[in-house]
Amino acid sequence: MLEVEGLTCCYGKVVAVRELSLSVGEGELVTLIGANGAGKTTTLKALSGLIEPTAGRITFLGHDITRASARRILALGMAHCPEGRRIFPYMSVRENLEMGCYLRADKAQIAADLDALLVRFPILRERAEQAAGTLSGGEQQMLAISRALMSRPKLVLFDEPSLGLAPNLVERTFEIIKEIRRQGTTVVMVEQNAYAALELSDRSYVLEQGRVTLTGTGAALLKDPHVKSAYLGA
């Protein structure tokens, strides 16, 4: 479904991602783990068209999207749920959700999808006309996830979905992501909680200084001595 070959991304003269390659199969949940500054968020931004790679090739569903616009990539079926939620704080919850489907024209199905999401997340239904910036951190995360789903994506990129959430909300967020995957949507996730990320994932990539240094199933990497020492506190 997604193939990345030799991806290199720079900010000025600083190389953030260097010759990175990875693949994601349809229906998989793939995670990227690594320390702060390892290049995880930069990789997701390159995949979704928010930054242009310096070198390499990205293919999604058979389309070369290496230098495609974010709009084009979203239209092909890849949505990005960014770090820090990035909701529109002065717009209502409902308006934020509507922004997630601005490329769609199927009005009846949009209405049905919106209603289904508000059923799934009752707190968003209660606060549908409330300014999104007044929601709690957990509620904003539910909104950010729902906004991404409103585009009816084939693949969703999640960047640090548990960041800043209370422990009970972290568990709820991961349950939602597992449910999204069970319903057939492919997931690529960057997550600071390496243990949870590896438990969730079919496969995972370890990034260090912008490079992939290890890859394997989540179960295998949970047992890897380097991963245990560097990321699991064991």
Quick one: how many residues across the stretch 218-234 are at pLDDT 90 or above, surrounded by fewer than 15 Cβ atoms within 10 Å (Cβ to Cβ), within 26 Å of P167 (Cβ to Cβ) and of a type in the set (A, V, I, L, M, F, W, C)? 1
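Residue by residue, here is whether (1) touching a strand residue (DSSP E or B) at 6+ places or on another chain (Cβ under 8 Å); (2) under 26 Å from A166 (Cα atoms) holds:
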{"site": "R85", "(1), (2)": "no, yes"}
{"site": "C101", "(1), (2)": "no, no"}
{"site": "R120", "(1), (2)": "no, yes"}
{"site": "E126", "(1), (2)": "no, yes"}
{"site": "A144", "(1), (2)": "yes, yes"}
{"site": "R152", "(1), (2)": "no, no"}
So for the stretch 128-142 (the condition being among the charged types (D, E, K, R) and over 24 Å from A75 (Cα atoms)), does at least one residue qualify? yes
For the stretch 100-122, give me the residue count where each residue is of a type in the set (A, V, I, L, M), surrounded by 15 or more Cβ atoms within 10 Å (Cβ to Cβ) and out of contact with any Leu (no Cβ under 7 Å at 6 or more places or on another chain). 1
Condition broken by R125, with the remaining ones in (1) touching a residue at least 12 places away in the same chain (Cβ under 8 Å); (2) of a type outside the set (V, I, T); (3) out of contact with any Cys (no Cβ under 7 Å at 6 or more places or on another chain) satisfied: (1)
Any hit, the stretch 21-33, residues being within 24 Å of L135 (Cβ to Cβ) and hydrophobic (A, V, I, L, M, F, W, C): no
Just a yes or no: is a residue in the stretch 188-210 in contact (Cβ under 8 Å) with a residue 40 or more places away in the chain, over 18 Å from K40 (Cβ atoms) and surrounded by 19 or more Cβ atoms within 10 Å (Cβ to Cβ)? no
With the requirement that a residue be part of a loop (DSSP other than H, G, I, E, B) and either crowded, with 20+ Cβ neighbours inside 10 Å or in contact with a strand residue (DSSP E or B) (Cβ under 7 Å, 6 or more places away or on another chain) (or both), what does the stretch 41-82 give you? S48, G49, I51, P53, T54, I65, T66, G77, P82
V212, sole failed condition from (1) out of contact with any helix residue (DSSP H, G or I) (no Cβ under 9 Å at 6 or more places or on another chain); (2) within 26 Å of V17 (Cβ to Cβ); (3) in a helix (DSSP H, G or I); (4) not basic (K, R): (3)
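Yes/no per residue for (1) in contact with a Gly (Cβ under 8 Å, 6 or more places away or on another chain); (2) β-branched (V, I, T):
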| site | (1), (2) |
| --- | --- |
| E83 | no, no |
| G100 | no, no |
| R104 | no, no |
| D113 | no, no |
| A116 | no, no |
| P122 | no, no |
| I145 | no, yes |
| A166 | yes, no |
| V190 | no, yes |
Can you find a residue in the stretch 209-217 that is modelled with pLDDT of 90 or more and closer than 26 Å to N168 by Cβ? no
Of (1) touching a helix residue (DSSP H, G or I) at 6+ places or on another chain (Cβ under 7 Å); (2) touching a residue at least 40 places away in the same chain (Cβ under 8 Å); (3) within 23 Å of L47 (Cα to Cα), S162 satisfies all except one. Which? (2)
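The values are calculated or read from the model by the stated rules, or taken from the named source; none is laboratory data. Every value quoted in this text rests on a predicted model; they were computed, and no experiment measured them. Every residue, glycine as well, gets a Cβ built from its backbone with ideal geometry; the counts of neighbours run over all protein chains shown.
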